[in-house]
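Following: one structure in structure tokens, then a few remarks.
Readers should treat all values here as calculations from the given coordinates under stated rules, not as data from a laboratory. Worth saying up front: this structure is predicted, and the values here are computed from it rather than measured. Cβ atoms come from the backbone with ideal geometry, glycine included; neighbour counts cover every protein chain shown.
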Amino acid sequence: MIHLASSFKFHPVGFGLFTSGKIGNFRFVYDCGSKSKACVNNCIESEFPELERISLDLLSISHFHFDHISGLKKLLGSVEKIDTIILPYYTPRERLIYILVLTNNSGDFIPDGWEFDFLKDPVGYLITNFNERIGKIILIKGGNDYLEDNTKQNNNSDKVIPDQELENLEIDFDELEDSDENQQIKKDEGIESSKVYVKEYGSVKLRTSNSIPIWQFVFYYPPLTEKTILYFNQILAKAKLNSINAKSDLERIVNDVIFDRIAKKTKMHGKDINNTSLTLYHSPLWKHELFAWPLLVCLFNNSPFHIHRFIPINYSSAKGFFYSGDIDLNKYHVVLGKYYNRLLDQICVFQVPHHGSIENWKPSISNRNQGAFHIVSSKLSNNRRLHPNPKILHSIAANNGLFFWCNESNMIEIEFVLANSIDK
């Protein structure tokens with residue numbers, strides 16, 4: 001009997017996002033941040049106690065807003081090593097927009113210390129400070145092409161896998177192709193480390209020790225819209241910062257004594273940067289003959305209770321998890337639909353983007369998965385923004401979905417078992 005246990009957590013970080021997962025012995029994290037550093041640091045200490053020196057196989061960051069990266073330094077210092085870090089690639093111009101947005105008078109976090117160094121040069125910061133703990137760094141380029149094999153599933157249901165082969169799962173990045181701009185990007189960024197790769201978006205496989213693929217991780221980073229690019233260019237033109245093509249240009253500008261004055265006078269909002277989130281779909285590669293048995297564990301004020309899923313959903317086909325970061329589904333639901341294709345019909349857990357903001361919500365993807373779990377990570381009380389918006393809750397309920405709110409008090413954990421038979 002094949003039996004693979006896994007669990008996926010949405011940690012109680014309040015206004016932010018910190019998710020982690022275990023598939024057998026394979027551990028991964030998608031985003032690690034919160035508006036409250038104390039909140040996310042406590043969650044990291046609970047999940048990755050420094051004394052245990054746990055190794056992390058995969059870390060993915062959706063985008064560089066503070067509430068998605070503020071725990072990054074703590075996480076990197078808490079684990080023994082990280083085999084692979086996956087980041088969306090932002091050009092120096094785009095990183096300058098981040099810095100301008102975060103240093104204006106909008107009331108958002110003003111970066112300083114390590115966060116500022118990370119925004120200026122993500123790869124340089126990681127290599128300089130954590131080189132010995134990092135196996136490789138993969139920068140994912142955005143794009144509009146669609147992978148044909150994203151509609152397919154591997155039929156491994158007839159293969160017999162000894163239990164010992166499930167004890168050493170490894171992820172294979174060979175299917176991620178090198179970007180055509182690999183050399184130019186490395187030159188612009190001054191990257192010399194052999195640990196750094198510039199890749200196209202796509203899927204990677206988690207395999208057994210006998211190279212049988214059992215799980216897939218599918219990344220996609222949609223390109224900026226023409227409207228957003230025009231908006232960025234207008235900001236840079238007003239600030240007289242048109243000439244910026246390489247990391248050295250960015251460093252020259254942010255180190256200039258007049259930068260603070262320019263930033264404070266440049267009015268802008270950061271919403272368009274949310275559109276650059278690196279999304280992640282992951283799911284088993286076993287075909288429908290295997291079963292999934294979900295158990296949802298909620299933690300309210302440190303007291304857990306369990307929810308078995310009785311509302312009808314076909315778990316023989318709906319086994320996918322979709323992490324959206326802060327992406328704007330209004331702008332990108334068509335692009336995401338074309339890229340992920342029928343994979344979006346197999347979602348059983350959906351991370352609602354941007355902490356439940358109605359501006360980023362479009363029910364079309366959610367409606368393809370009747371009865372799925374929907375999880376929002378946000379703050380309990382938020383006077384400035386209505387996150388999560390009640391309209392989203394009504395939209396989910398209308399499609400027979402379940403809504404769960406992960407906040408400072410509530411952790412959401414989904415336990416997931418794959419087996420070729422289930423003991424009654």
Suppose R0 equals 35 Å. What FRET efficiency, 1/(1 + (r/R0)^6) with r the Cβ-Cβ distance, do Leu386 and Leu51 give to the nearest 0.05? 0.30
Subtracting the Cα-Cα distance from 0.36 nm times the residue separation, let me have the gained length for Glu132 to Asp117 in nm, one decimal. 3.5 nm
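Return Ser283, Ser378 ranked ascending by Cβ neighbour count within 10 Å, so the fewest neighbours appear first.
Numbers: Ser283 21, Ser378 24.
Going from sparsest to densest Cβ surroundings: Ser283, Ser378.
If packing is taken as the average count of other Cβ atoms within 10 Å, what order do 54-64, 195-205, 172-182 fall into, highest mean first?
On the way: 54-64: 22.0, 195-205: 20.5, 172-182: 14.1.
So the order, starting with the most tightly packed, is 54-64, 195-205, 172-182.
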By how many nm would the segment from Asp178 to Ile229 lengthen if fully extended, with 0.36 nm per residue of separation less the alpha-carbon distance? 15.9 nm
Expected sort for Thr276, Thr19, Thr228 with the fewest Cβ neighbours (10 Å cutoff) up front is Thr228, Thr19, Thr276
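Sort 358-367, 85-94 by packing, meaning the average of other beta carbons within 10 Å per residue, with the highest value first.
On the way: 358-367: 18.1, 85-94: 21.4.
Descending mean neighbour count gives 85-94, 358-367.
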